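In what follows, a structure is listed as structure tokens, so that the remarks can point back to it.
The values are calculated or read from the model by the stated rules, or taken from the named source; none is laboratory data. Everything numeric here is computed off the predicted structure, so don't read it as measured data. Cβ atoms come from the backbone with ideal geometry, glycine included; neighbour counts cover every protein chain shown. Surface areas here come from the heavy atoms of the whole protein model, side chains and all, with no ligands, DNA or RNA. Shrake-Rupley method; radii C 1.70, N 1.55, O 1.52, S 1.80 Å.
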Amino acid sequence: MHFDPLHLRAFTTLMAEGSVSRASLELRTSPSNVRRIWQSLEEQLGDHLFVSGESGEVLPTAAAKLLDREMSPLLAEIRRFENSVQRMHDQGRTLRLGADRNVFNTRHFGRMFNALRRDDRFRVSFVEVGEDDGRSALEAGACDMLFAVDGTPGRRFESQDLPPLKFDVASTRPREDGQALSPTELADLDWSLAAFAKTAIALDTLKKIEASGAGNGRLCSQNHFLRWAEEQAEGNTREAIVCVQPASFTRLPQVSFVPLESVPGFPLCATYLKQHPYEFLPSIARQMDRTLSAPPDGCRPSLS
Amino acid sequence: MDADLHCLETFVLLADCGSFSETAVGLGISQPAVSQRVAKLESVTGLRLFLRSQESLTPTREGRELLGIARHILGEHQRLGIRMARHVRESKGTVRVMLDNSFASTAMSTALSGDSSLDIEFASAGKCRPWVEALELHEVDLVVTGSFLEAGNAPSLQRVELERQRGTTIAWNRVYFDFDPARFKFLEILRSTLLVPSERLIPGYLPFLERWCSGSYGMLPPELIAYDDELAARDACLTGLGILIFPGEADLRMQIGGAGLGIVKTSEFPLPDAFSYSAYLRKEEQNPKVLATAAKIAELHRAAQVWERRLQST
């Protein structure tokens, strides 16, 4: 004998509510549908389950009490399932944040990571996702939310633009005041832009910097920039590199960073699956936007 | 009780076979419906249950934990159906009987159906779980089946033996296999396909035969075709598909004596009375209807034997 799960659910509701109309409200269906299920169960069991009392009340028969009793192991297992799910929610669900290693290695990302880490709803972990693997990582579930400079297009994805990754100028010419550099000051230097996203965005950004009066610059890769700052090779005449300052790396003492004024940085975008089981993703994407828009705690770290 | 059992069933099957298309076929639904059910379960639980990649589908840690409970839920759902069916049978006085697919059982089924004092429901041996389990779970009340040696003896069951037969019968179509029954050697047939009873038809025989072949002769036949059904095995033997090897007096049971086959009965196996045809029921069975049906089965079988012997002697 096989019981339709929906019929069992209707039966337990009818047992609990004691009236067809109340059960139908609880089940969000019509009273006639509840009656139909009731009748179909009676046919299946060859016995009456309820007798109609006065004023629409229904009273369970011995057969209904038997079915109710026999259902208890099943209901106990279902409760165990629900309790396990609840426990997983209480302990905090795993939230895997994916990003390219360059995006990860920024203070911007560090701030987001810390803000999320303090949230009880989940436990965060970081997953490195290669520049071209974003789409598959999101679809496969390797990461729940992906942070990338150029976004991750896809019909199944939802995206939230975040405040951009701000630029600093790394320079070998120490600047006494530590004040922000304006693009026109850049024009006096031999400079490049360290790109860590796809070239199209980097080129676009380069043009914007040039247009704001910075003269002519070139593009170099983030790796190139890191090598330059870590071990300036002989004969490398480049004087300054516009970059997103890495959160951690070892640099030569003569390289210093100053913020670059009036040029927006690289765009940053959080992407997640529209039909992701975590209902809180849209809200935390907005929360990230607010976190990053707020001024950082304290002042910028010393650049000496 | 918001957990949707259809979704849980899909979840378990998908985790077991790891393929959306196979799951769809297994459940008789479309592939998008499989994805939709899993997505629904993921959204209801608010958890990721699977990691999906192009090559594989693996349950996440949470998925693995819930999978265990989901199996229990489905098991309890199934057992609920079995228990309620039993209550219904008890209140109606119906007895559920499973018969093996043998000639004797076909005759038994006809005789039982003809008896108006009994209210019997037949369970098809092919569709149920293995019969020992089916009896223990009360899915059926009585099982009538052939078995080999001690194969059917479970501590929870009692056995009403209807018949015992010795040795083994080997039968073949003489056109395709020109063995001489007078100078028959067992080793000869190991070079051909053997037609044997499956574990559903005569439990215990096939594993025994395989052990016997590899133990005594160091080889297995090129192919062993196992039959759930005596009639199908008999037809295959008559057609010449292979050599039939069944325990006991299979030629008499399957009525192939008159077909001009080569037949050898061997007791080369040192196993007297190895085959039995018995009725099994639960040891603690109290239901008078079940006990009465068991007695009736024994009576009907004796009557059939007497009738058969009379037929053979004339």
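Every condition in (1) buried (at least 21 other Cβ atoms within 10 Å of the Cβ); (2) within 14 Å of chain B (Cβ to nearest Cβ) is met by A:Leu165 except one, and the failing one is (2). When the range B:177-197 is filtered for residues that are in a loop (DSSP other than H, G, I, E, B) and open to solvent by less than 10 Å² (accessible area, probe 1.4 Å), only B:Leu190 remains.
Condition check ((1) in contact (Cβ under 8 Å) with a residue 24 or more places away in the chain; (2) among the hydrophobic types (A, V, I, L, M, F, W, C)) across all residues:
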site	(1), (2)
B:Leu49	yes, yes
B:Gln54	no, no
B:Gln78	no, no
B:Glu90	yes, no
B:Gly93	yes, no
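Considering B:Glu65, B:Glu133, the condition of being more than 22 Å from the chain's Cα centre (by Cα) and either charged (D, E, K, R) or surrounded by fewer than 16 Cβ atoms within 10 Å (Cβ to Cβ) (or both) is satisfied by B:Glu65 alone.
Just one of the numbered conditions (1) part of a strand (DSSP E or B); (2) closer than 30 Å to A:Leu6 by Cα is not true of A:Leu67: (1). The C-beta contact set for the range B:58-75 (first residue in contact (Cβ under 8 Å) with a residue 60 or more places away in the chain and within 10 Å of chain A (Cβ to nearest Cβ), second residue basic (Lys, Arg) and open to solvent by 30 Å² or more (accessible area, probe 1.4 Å), distance under 7 angstrom, 6+ apart or interchain) is empty. The sole residue among A:Asn102, A:Asn114 that is more than 10 Å from chain B (Cβ to nearest Cβ) and more than 17 Å from the chain's Cα centre (by Cα) is A:Asn102. Considering only residues in the range A:1-41 that are open to solvent by less than 10 Å² (accessible area, probe 1.4 Å) and under 22 Å from B:Ile73 (Cα atoms), the one that is farthest from the other protein chains (Cβ to nearest Cβ) turns out to be A:Leu14. Screening A:Thr94, A:Thr172, A:Thr152 for residues that are within 14 Å of another protein chain (Cβ to nearest Cβ) and surrounded by 17 or more Cβ atoms within 10 Å (Cβ to Cβ) leaves exactly one candidate, A:Thr94. Summed over the range A:190-214, residues that are part of a loop (DSSP other than H, G, I, E, B) and either open to solvent by less than 30 Å² (accessible area, probe 1.4 Å) or modelled with pLDDT under 75 (or both) total 3.
Just one of the listed residues (A:Ala115, A:Ala137) is out of contact with any helix residue (DSSP H, G or I) (no Cβ under 6 Å at 6 or more places or on another chain) and in a helix (DSSP H, G or I), namely A:Ala137. Among the residues here, B:Ser53 does not qualify as at the interface with another protein chain (Cβ under 8 Å from one of its Cβ atoms), open to solvent by 40 Å² or more (accessible area, probe 1.4 Å), touching a Pro at 6+ places or on another chain (Cβ under 9 Å) and among the small types (Gly, Ala, Ser). With the structure loaded, tell me whether B:Gly46 is over 26 Å from A:Met71 (Cα atoms), open to solvent by less than 50 Å² (accessible area, probe 1.4 Å) and at the interface with chain A (Cβ under 8 Å from one of its Cβ atoms) or whether it fails that test. Here the answer is yes, as B:Gly46 does meet what is asked. Within the range A:280-304, being farther than 25 Å from A:Ser171 by Cα, of a type in the set (S, T, N, Q), at pLDDT below 85 and loosely packed, with under 15 Cβ neighbours inside 10 Å holds for one residue alone: A:Ser293. Quick check: is even one residue across the range B:158-176 without any contact (Cβ under 8 Å) to a residue 60 or more places away in the chain and open to solvent by 20 Å² or more (accessible area, probe 1.4 Å)? No, every residue in the range B:158-176 fails to be without any contact (Cβ under 8 Å) to a residue 60 or more places away in the chain and open to solvent by 20 Å² or more (accessible area, probe 1.4 Å). The sole residue among A:Phe122, A:Phe126 that is assigned by TED's automatic domain parsing to the domain that holds A:Asp144, in contact with a helix residue (DSSP H, G or I) (Cβ under 9 Å, 6 or more places away or on another chain), over 19 Å from A:Thr12 (Cβ atoms) and at pLDDT below 90 is A:Phe122. Being in contact with a helix residue (DSSP H, G or I) (Cβ under 8 Å, 6 or more places away or on another chain) and part of a strand (DSSP E or B) is the requirement here; does B:Val140 meet it? Considered against the rule, which asks whether it is in contact with a helix residue (DSSP H, G or I) (Cβ under 8 Å, 6 or more places away or on another chain) and part of a strand (DSSP E or B), B:Val140 comes out as no. Checked against the criterion of being of a type in the set (D, E, K, R) and touching a residue at least 12 places away in the same chain (Cβ under 8 Å), the candidates B:Glu199, B:Glu133, B:Glu188 yield just one match: B:Glu199.
Remark: A:Pro267 falls outside the filter, which requires a residue to be of a type outside the set (Asp, Glu), surrounded by 15 or more Cβ atoms within 10 Å (Cβ to Cβ) and within 14 Å of chain B (Cβ to nearest Cβ). Taking the range B:209-282 as the region of interest, the strands (runs of 3 or more DSSP E) fully inside it that hold 2 or more residues being closer than 27 Å to B:Leu300 by Cβ are B:243-247, B:275-282.
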